[in-house]
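Asks: Structure in structure tokens, see below.
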Amino acid sequence: MVEYLEQGYIRPEAEPEVELSLGALERWNGNLGMGNVNAELAMARALELAATMTVGIVAMRNTNHWMRGGAYGWQAAGAG
């Protein structure tokens, strides 16, 4: 991972940004940020959308490996 940071494949200072918003569906650009940070943000946003629209779908591009996928399912389950 250190070499990915050194080569610019991962940018720890990156701020994800929404590129497209279509009601319950959004597309975000992770700007090569840390995958697990971007994934947690995407799930949190999906939960916000679901709270008002019954369903929330967030796609994240330009991100890195988001590690253990089950963590985000638990994040959703914890939110009800």
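Asks: Let me understand the chain better: what is its radius of gyration from the alpha carbons, and its Dmax, in angstrom?
Replies: Rg and Dmax of the chain, Cα atoms, are 13.2, 42 Å.
Asks: Mind putting a number on the dipole of region 6-80 about its Cα centre? Charges go on the C-beta only, +1 for Lys and Arg and -1 for Asp and Glu, and I need it in Debye to the nearest 20.
Replies: Dipole magnitude for region 6-80 comes out near 240 debye.
Asks: A further question on this structure: For n ≥ 4 DSSP H runs only, could you compute -39500 (n - 2.57) per run for the chain, divide by its residues and tell me the 222 nm figure to the nearest 500?
Replies: -13000 deg cm²/dmol
Asks: Still on this structure, please answer the following. Could you list log10 I(q)/I(0) for region 18-60 at q = 0.14, 0.19, 0.20, 0.30 Å⁻¹, which the Debye formula gives when each Cα is one point scatterer?
Replies: Those come out to -0.28, -0.49, -0.54, -1.02, one per q.
Asks: Let me ask another. Taking only Cα atoms and a 10 Å spring cutoff, compute GNM fluctuations for the chain and point out the largest among 70, 30, 56.
Replies: 70
Asks: Under a point spin-label approximation (7 Å from Cα along Cα-to-Cβ), what is the residue 24-residue 75 distance to one decimal in nm?
Replies: 2.0
Asks: May I ask for the angle, rounded to the nearest 10°, between helix 35-53 and the longest principal axis of the chain, with both axes built from Cα atoms and the value confined to 0 to 90°?
Replies: It works out to around 10 degrees.
Asks: A further question on this structure: Amide H neighbours of residue 11 under 5 Å, at least 5 residues apart or on other chains, H built in the peptide plane: list them.
Replies: 33, 34
Asks: For residue 31 and residue 54, what is the calculated FRET efficiency with R₀ set at 41 Å and r taken between the beta-carbons, to the nearest 0.05?
Replies: According to the calculation, E is roughly 0.90.
Asks: Among 20, 49, 41, whose mean-square fluctuation peaks in a Gaussian network model of the chain (Cα, cutoff 10 Å)?
Replies: Looking only at 20, 49, 41, the biggest GNM fluctuation is shown by 20.
All of the numbers you see were taken from the coordinates with simple rules; none came from a lab. Every value quoted in this text rests on a predicted model; they were computed, and no experiment measured them. Because the Cβ atoms are built from the backbone with ideal geometry, glycine has one as well, and the counts that use them run over all protein chains shown.
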